[in-house]
Amino acid sequence: MKRYTLLLIPDLEDGGYTVTVPALPGCVTEGDTLEEALANAREAIQCHIEGLEADGLPIPEENTPPLLAAVEV
């Protein structure tokens with residue numbers, strides 16, 4: 001079993017969340033609630049990995065989780 005960090009971005013206008021997986025470029029999903037977004041993320045990751053396997057490509061692993069930082073400008 002692999003573990004991936006998710007970036008959940010709240011949609012302030014329509015509600016819900018957009019979810020990206022930094023270790024899997026192009027793996028993006030969304031959900032109307034946090035629970036739905038997380039469930040959709042699991043499914044999106046599984047599909048993304050299956051697609052990589054089908055194409056004979058390596059499955060990226062997340063050895064070091066991404067950092068989140070803020071700067072004032």
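Bear in mind that the values in this text are calculations on the coordinates, not laboratory data. All values reported here derive from a predicted model rather than from experimental measurement. Here the Cβ is made from the backbone with ideal geometry for all residues, glycine too, and neighbour counts use every protein chain on show.
Volume per residue of the convex hull around the Cα atoms, evaluated for the chain, comes out as 114 Å³. Simple point charges give the picture: +1 on the Cβ of Lys and Arg, -1 on the Cβ of Asp and Glu, and for the chain a dipole about the Cα centre of about 380 debye. Considering only Leu12, Leu52, Leu34, the Gaussian network model of the chain with Cα springs below 10 Å gives its largest mean-square fluctuation to Leu12.
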